[in-house]
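Report on the structure given below.
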Amino acid sequence: MHGDNYGMDQDHAEENFLNDVKLLSEYGVHFYKLYTDKKARGQHVWLGVHARGIEICEALGDDRVPMQAFPWLDVVKVQFDKRSFL
């Protein structure tokens, strides 16, 4: 990737970078790690919040695999109290 931008001015290289990043599947998604049990710290899922809604993703190694999606039209209430979702 860096070799493709060699000799390019900074503005053009930055624009190319942003165009490449926009194509990534997780672009614009903010992920939050949710533990399935307080005592089982190794087991967790990811909650992804983005412009289209909320997504629950399973952690498989370093990857996040979408399990369930909730579009904003279907979301009635999201409640968070101090350190946990209710």
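Readers should treat all values here as calculations from the given coordinates under stated rules, not as data from a laboratory. This structure is a prediction, so every number in the text was calculated from the model and none was measured.
Straight-line cross-link partners of K22 among the aspartates and glutamates, defined as a Cα under 19 Å from its Cα and at least 8 positions apart when in the same chain: D4, D11, E14, E55, D63. With distances taken between every two different alpha-carbon atoms, the chain has a Kirkwood hydrodynamic radius of 15.7 Å. Under a Gaussian network description of the chain, with springs only between Cα atoms under 10 Å, the residue in A69, A13, A51 that fluctuates furthest is A13. In the chain, the longest principal axis of the Cα atoms and the axis of helix 10-21 are about 40 degrees apart. Comparing mean-square fluctuations of L47, L24, L34 from a GNM of the chain with C-alpha springs under 10 Å, the top value falls on L24. Cross-link reach is defined here as a Cα-Cα straight distance under 21 Å, omitting same-chain residues fewer than 8 places apart; for K39 the lysines meeting it are K82.
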